[in-house]
Amino acid sequence: MRSYRFITKLTLSLLTLLIVFSLSVYAQNKKSKKNLDRTAKLELDGQNVAKNKTSKTNQVSSNTNPGKNSNNASSAKKADRCDTDAAYQRRLQDPAYLEHLRFVESKIAENLDRASIPCDATNTVIIPVAVHFDASYDCSNVQCIIDATEAQINSLNDDFAAANADLAMYNEIIANCGGTNVVSDGVCVSFCLANQNHPSSSGLSDGQPAITIGEYGGGFGAGGTGAAEWQGYLNMFVIDGLGFGVADGIPGALNGDGVSQDGSFFGGPGFTPCSSGGFLNDDNAWNLGRTMTHEVGHYLGLYHTFQDGCADEPNFPFDVNDTPAQVAPSGGVLASTNCAALATGCIAGEEVQMNYMDYFDDLSLVMFSNEQAIAMNTFSNSVAWANDAVDTGCSDYTEACLFNCSTEAAFGPADGSNLTLCADEGATIFIIDDSQLNDTWDWTFTVTSGDISLSTTSSTDQTPNLTVTSGTSGTVEITLEACGSGDCGGCETITQTYNITVLSGDACPDDCDYTLELTDTYGDGWNGASLEILSNGSPITGSPFGGAFTAGTSETITIALTAGETIIFNQTNGGYPGEEGIILTDPFGNVIFDTTGGFVGTGEINSFTAYCVPPTCDDGVQNLSETGIDCGGDTCPPCPTCPEGTSVLLEEDFESCMQPAGWTISTTESADVGNGIFFDTPPDGVPGGAAGPSPDFVGCIAMIDDDFADNVGVSCIITPVIDLTPYTNTSLTFDWQHEAVAGGGEFLVQVWDGTMWVTVFSADDDSNGTNETVGLDAYVNADFQVQFCYDDEGGFQWAFGLDNVAVCGSGDCAEEISGAIIPSDPLCDVSGIEVTIVAPDGTSTTVITGADGTFTVPGGLYPCGDYSAEITGALPTCYTDASGPTTIDFVVDGDAGTADGPFFIANSNVPTLSQWGLIVLALLLMTFGSLRLGFRTIAFERKK
Ligand SMILES: [Zn+2]
């Protein structure tokens, strides 16, 4: 038994600090200061960027711990220590979260007259914690998981109680450098790893710690979906390799949301790094548990101390005034004698603190301010934590093993399954072990009814071999005892029962007979020719065939195939190959291929996938005459001209039976349309050749007949110019057929790459193709064209046919445009605002924001390039009110957050009406470099 006591440092000493100023006075002061600082902020944002870059460089170079993946991944992202601001902006688009904020606002209003934190039994809050390790973590080192959790929660309790030993550094700085000491004596909030009354769906029992492994991917801010079952808890999501910390809201909603952070920052002072699948506490700079302190600070209602630069933090949900306005985040480590580094606040006399809500390394994050403590305590007292999840005093865990880390026996198929086996295929019962954390397997197999017999009665293999050796039906009982020897040890036994039916021959659903006819037009058999038939690479029974076919015109053979087998026919010619042929017919009477009376060559002459149910146009297999999977040929709908996910940039089926608009011809001879170049139904024998026409030729096609003129020259049919630069995944498809005479004449497909014609396809023999596809990404340019040419190679040759030409490109810029108008006060009504999106070609779309300020322009084939989004209707009234919020974020985004797809650059503070003009010009220019400007307009670029 292990016992943990996390609330050992809860400080119950009386807080003597008195807050004598009323909050309303603070609010007045703050508002006027903000207006004064507006211009300053614009000038200072540039420094902010520069500072971030410097900080990043320093931190990367200070990483002296190579070789650990998680550590390397996090160091690359260290400039983005915390992603809460962005996560908060996203979450403000969730109406349920806005409702939560309104609730918080109303609760805070009830508490506004509180001037101190009594920190007594009436308002000390115990917050139940659940810790969720992502799927990178496993049970290979349970002690590491438990100890790191303990260290992290102890560290959190020290920090929130102002009981952290390094708090002395802040006092030293005040002593060395002067300034007003605003340190909090404690938040009167403590954290307890939940240990009882767990959510029923969790599977956890009373006494087990609230730790899950691999159950949740992360909080909303980390791209996960939270842990909906864990409402009323502070959920901590530990993610290997995340690279930063992020809280799901300012404040959180207690609805299964929480805080997420990289496991490399998870732990606390003195905790030795360890790993259990993923790493824990192994970062060089952020290894004192302060990332969690910082993120929990957000979750309980705090902004960054540097939020909004010299404009200072927003005053919702809490008005915190004893942290100085900062130009930019701090970074690195601060020496207690470095007074210059402290003097970077925006207001003379206000000095930067070693505040948990800043970005110093963990070594220099040591304190919350008084008003931060009041804010967090007020929030914590305003919401409903799952109080019954923690026992009195937050005391014991009675089980050493984590829930996820116990031996579990499991296997498939599912209990009670009816299994139909095929004797011809070995009548194997396929058993799949799905046990967890076990090292040994002990299987027993028993026939409990019926006439069947089994190949064995027991096995200790993880994947046992079990077959039915005789009989046709019965019931089998399978028992598995799985045992683990690790930290959590123990055995579990499971028994499952199956009803078995054994079939054979054609009764097996996947077996069926094909008919193969060997033919000889002369009537004297195959004269030594032979046909090898391979199934999944191995000869089928009876292969090779033909040796006994020594007389007559035909011999018929039945071949038994199993659905899904890949069948290959290899032929070896005999003395008279021009006489030999084969006809293969499927079980349903469809001729799969027929080479009667023709020269079919040697080697592989055909291949197909066997099927034992009648082929259809939706069976997911290319069969019968289909030219693609379930498309083309005699019975199925035509194949799409462009691959899925791409758009048609050019499509031509020549069904106008004349030269298509925009298409041109070129010739070195005297050819012209109707005179060697045709857009017509193929006349007899044109194009000809042994291969025959392409199977998807329909109606009129394009042709070049080079035979009419002379024996020297090249003629081409050329597409219109297509600007391919906005597109990716570009391709050309076409159906073609070429006839060579005595090896002469060549069919060439060439593309214009911007400087020259490049051959991307050619055919120099009798052949054809359907849905021939050529990738074009290497040839993308604004003047792209394709030419289909015939080179007579110095002879009187003839000819090619062409049909169903398409040029395709990906819809990278076809996805929807979404955006939002986001006020700094989330309670401002931003619904019903008219926004107009203007595309590079001048076309525009006007949309109206929804209740949460968001808007969406449905997807379509938009050109990539420079866009603008403009608020064309009235601004919300809270912006025309002088006492209203002072900034508005106007954001557009490309594609619902996926990493690829269109890239939008737009995220701007849009000032109030009174501040339009030069300020917006300066701000937008600073954000975007250069762009088109208009009243209430932001510009953005859609890139492929
Ligand atoms: Zn943060």
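For a quick protection proxy, order the peptides 453-462, 573-582 by their average other-Cβ count within 10 Å, most packed first.
Result, highest mean Cβ count within 10 Å first: 573-582, 453-462.
What is the packing order of peptides 257-268, 286-297, 557-568, taking the mean over residues of other C-beta atoms within 10 Å and listing the highest first?
In descending order of packing, they fall as 257-268, 286-297, 557-568.
Report the full-extension gain for the segment Asp764 to Asp94: residue separation times 0.36 nm, less the Cα-Cα distance, to one decimal in nm.
235.0 nm
Magnitude of the Cβ-charge dipole of segment 367-486, K/R +1 and D/E -1, about the Cα centre, nearest 20 debye?
140
Using a 1.4 Å probe on the protein chains only, how many percent of the accessible area of segment 271-310 belongs to carbon and sulfur? Before the final figure, lay out the partial values.
Values: 350 of 710 Å².
The nonpolar share, carbon plus sulfur, comes to 50 percent.
So if I take the alpha carbon set of segment 177-332, get Rg, then get Rh from the Kirkwood formula, what is the Rg over Rh ratio?
Value, to two decimals: 0.99.
Considering Cα pairs under 8 angstrom that are at least six residues apart, work out the relative contact order of segment 91-232 and quote it in whole percent.
The normalised contact order for segment 91-232 reaches 31 percent.
Could you order the peptides 329-341, 243-255 from most to least packed, using the average number of other C-beta atoms within 10 Å per residue?
243-255, 329-341
Along the three principal axes, how long is segment 408-567 when you take its alpha carbons, biggest first, rounded to the nearest angstrom?
78, 35, 21
Please find the FRET efficiency linking Thr681 to Thr755, where r is the Cβ-Cβ separation and R0 is fixed at 30 Å, and quote it to the nearest 0.05. Walk me through the numbers on the way to the answer.
Working: r = 38 Å, r/R0 = 1.26.
After rounding to 0.05, the efficiency reads 0.20.
Probe of 1.4 angstrom, ligands and nucleic acids ignored: what's the accessible area per residue over segment 162-232, in square angstrom?
Accessible area per residue, segment 162-232: 37 Å².
For the residue pair Glu105 and Asn499, what label-to-label distance in nm results when each label sits 7 Å from Cα along the Cα-to-beta-carbon direction?
If labels sit at Glu105 and Asn499, their model points lie 6.3 nm apart.
At a Förster distance of 22 Å, what's the computed FRET efficiency of Thr566 paired with Ala414, Cβ-Cβ distance as r, to 0.05?
0.15
The values are calculated or read from the model by the stated rules, or taken from the named source; none is laboratory data. What you see is a predicted model; the values in this text were computed from it and never measured. All Cβ positions, even for glycine, are placed from backbone atoms using ideal geometry, and neighbour counts span all protein chains on display. Please note that ligands, DNA and RNA were not included when accessible areas were found on the heavy atoms of the full protein model with its side chains. Shrake-Rupley method; radii C 1.70, N 1.55, O 1.52, S 1.80 Å.
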